[in-house]
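The values are calculated or read from the model by the stated rules, or taken from the named source; none is laboratory data. Treat the numbers as computed from the prediction; the structure is a model and nothing was measured. A quick note on method: Cβ atoms are made from the backbone with ideal geometry, for glycine too, and the neighbour counts reach across all protein chains shown. Remember, those area values only see protein heavy atoms, side chains included, never the ligands or the DNA or RNA. Shrake-Rupley method; radii C 1.70, N 1.55, O 1.52, S 1.80 Å.
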Amino acid sequence: MAVAAPETAEPGAVAAWLGEMGDRREGSAAEVQVFAALRTWFSSRSDFHEAAFQRLDGEHSFSRQIWFRIPGKVPGELVVVVPTDGKNHRGIAWAAAWADKALVSGSEVSLTFLFTGGERGRGESAGLGSRTFLADFFPSAPVAVLYLDSTTITEEVTITSESGSFPSPLWMVQGLTEAFQKLKLDPHFTGTVPSLFRLDLPERRNAMHPWFQRSIPAVWIQGGPVNLSVVQALQQFSASFPEGLPAYWDRHYLAFDFGSWKFFWGQQTYLLVFLGVAAFLLFGYALLGRSRRGSLRILGHGFWQLPVLLTIVFLGLQAGGLLTDWIQQIRGEPDLWKRAPLMLATLKALVTVTLYLLVMLPFRRTPLSRNPDFYSQAALVWLGLMTLAAAVFELSFSFYFLWALVWAAVLVTVLWRPVEWIALLMGPVWVFKAGYEALGPHPDLELARWVLQSPLAGNFVLAVLFFPFLLQINSWHLRGHREQARNEGLRAGIQLSFWALATISLGFLVLRMEVAPLPPGPPPIERVEAKDFWKTQVARSAFLDRTVWNLRFSGPTAPEEVELELVAEGPLTVYDCSFPFILDAQGHRARIVVGRQSPLPLDLRLTLPKSTKAQLMVRVLLAPEHPLEVIDTIELNP
């Protein structure tokens, strides 16, 4: 039974109405109701446009899209993209309320509201609504996108500011953050830790990717209360550009989220800081006396030791990985790394440190250097090279190593034990924070797989990353030995005992702890006979030298996917088809493209040469409680 839409676009009422309808399938009757409500609210008040996806080249969807533009007072345009299927109740409610208010009171910059289906496809079909709109979108003024898709029920606002290797501009992230904070909404933003998440991997791309590929920056907003506060924040953001949207933006910047405190540095600011710190460290190092900084000759004489020490760290990581794998086998939970990656990564790190100290602390019987200056010099040079390499890869990523380099310089120059303690702890603090964000409460499974399930490449990169901090531990220990030679054995034993006790304790904790199971994955797909779940009615008629085939498909429930492939014995000619189709290179097969979640009955019309003998291969994925795969073959004989 259809639920009546509210008469006005008040966000609470709209969200409640959408919630009563439940999950809207792409192209379903419920989604049709959403488009009908949008027509009622906005078609007579704006430059209203509507289009379907049923005649695209090689793509198809049973949904449609609606868009309208509200002219602004200054150059620039914000495109508000709102998926209409799924559970995006809040996104639709916020966009409708914002459009309603903008039509009444106007807007500083131009606003284009795009309500679209077809966004949730997989692979190359993803973002069909955005890509279709962009095909005819050629703005002359600066443009930015606000993607309102909030499928989770949460009061916390989350700002996603990247897709693959594309970062959102700092002016968007910072401007939205400040607008939400003014209304007592403390947003959390993801992906702006310096370049850690800016890796151009397919699994890191999201719905904003088509816009970034057109050099149009975007931000994805999820979560937040279903009231006017989110709408007011978005209005304040759009009104914060009295001279229009910026035409250029920083690609490299720093943005950190510390709860209610946010930290932003633009590209120019960080570049000045980077160069200033580098110059200060170089000149300061040159001005220090040899007694305070040691001699580079020491590093040159012992350079052969660095590969040996790095190999020790790598082998320690290998041992830590073997221990975590063994614990998962003992528990009978091979997927524990997905459910508790932070605990396993911490255990792996503790095993590495303990084994490293076990090898390194009894220096008297090894050919390794006992000079603390060697290890402090090596740590400085190593961190300097890592800073330069990170700056070449991504300028903002170098912040991690620049920070550690500064504290490594403090460790070399300030010969006071409390300050040395602080420098040892502060050097890797940003690396630890990044690790917590990647593996903590909401883990990034791709990074977790790389840290915990990549025994060669992953462990080598981790060894390179943590090597300078272990060198600083060596320097700190030997500097203390220089002051108190008789206590070296006791101090070494205490250090080793501390790390060993921490490793054993955490190992027992991981072995015994209770971990929440992963959310259940999709059930296995069962292949069934077509005659029990899928019916096909075939009719044909002749027209001149052609045969028109009319096929009607029906079943117990609307399918998630329908795949149709037309196969002929010889060259295949398709005069007409009611859906888009793609011929293969040999010209013997044609893939007929049918949109996701097609309604039933599904009608297909084909016009072929009268002499063509072909088969229509049908694959249908039904998704009731247990997914069913239906395979059928239909003979199309002249």
Kindly provide the set of residues from region 147-166 that are open to solvent by less than 10 Å² (accessible area, probe 1.4 Å) and assigned to a strand (DSSP E or B), ordered by number. 147, 148, 159, 163
For region 598-616, state whether one or more residues are at pLDDT 85 or above, within 17 Å of residue 529 (Cα to Cα) and among the aliphatic types (A, V, I, L, M). yes
What is the number of the single condition among (1) under 24 Å from residue 121 (Cβ atoms); (2) at pLDDT below 90; (3) surrounded by fewer than 20 Cβ atoms within 10 Å (Cβ to Cβ) that residue 577 does not meet? (2)
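Please go through region 414-430 and pick out each residue that is assigned to a loop (DSSP other than H, G, I, E, B) and surrounded by 13 or more Cβ atoms within 10 Å (Cβ to Cβ).
We begin by selecting, within region 414-430, every residue assigned to a loop (DSSP other than H, G, I, E, B); these are 414-416, 427-428.
Matches in region 414-430: 414, 427, 428.
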Scanning for something surrounded by 14 or more Cβ atoms within 10 Å (Cβ to Cβ), in contact with a helix residue (DSSP H, G or I) (Cβ under 7 Å, 6 or more places away or on another chain) and closer than 24 Å to residue 323 by Cβ, does region 509-526 turn up at least one residue? yes
Got a sec? Which strands (runs of 3 or more DSSP E) wholly within region 206-284 have at least 1 residues that are touching a strand residue (DSSP E or B) at 6+ places or on another chain (Cβ under 9 Å), under 19 Å from residue 81 (Cα atoms) and open to solvent by less than 40 Å² (accessible area, probe 1.4 Å)? 218-222
Could we say that residue 622 is over 16 Å from residue 538 (Cβ atoms), open to solvent by less than 20 Å² (accessible area, probe 1.4 Å) and modelled with pLDDT under 90 here? yes
Breaking point among (1) under 26 Å from residue 55 (Cβ atoms); (2) assigned to a loop (DSSP other than H, G, I, E, B); (3) of a type in the set (S, T, N, Q), for residue 607: (2)
Applying the selection to region 385-400, what residues are of a type outside the set (Val, Ile, Thr), within 15 Å of residue 275 (Cβ to Cβ) and modelled with pLDDT of 90 or more? 388
Is it the case that some residue within region 121-130 is surrounded by 23 or more Cβ atoms within 10 Å (Cβ to Cβ) and in a loop (DSSP other than H, G, I, E, B)? yes
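Scan region 380-390 and tell me whether some residue there is over 33 Å from the mean Cα position of the chain (by Cα) and open to solvent by less than 60 Å² (accessible area, probe 1.4 Å).
Looking only at region 380-390, we keep the residues that are over 33 Å from the mean Cα position of the chain (by Cα), and these are 380-381.
If we keep only those that are open to solvent by less than 60 Å² (accessible area, probe 1.4 Å) too, we end up with 380.
Checked region 380-390: at least one residue is over 33 Å from the mean Cα position of the chain (by Cα) and open to solvent by less than 60 Å² (accessible area, probe 1.4 Å).
For region 538-596, which fully contained strands (runs of 3 or more DSSP E) count at least 3 residues that are in contact (Cβ under 8 Å) with a residue 40 or more places away in the chain? Can you show your working first?
Working: elements: 546-554, 561-568, 581-583, 589-592.
In region 538-596, 546-554, 561-568 are the strands (runs of 3 or more DSSP E) which contain 3 or more residues that are in contact (Cβ under 8 Å) with a residue 40 or more places away in the chain.
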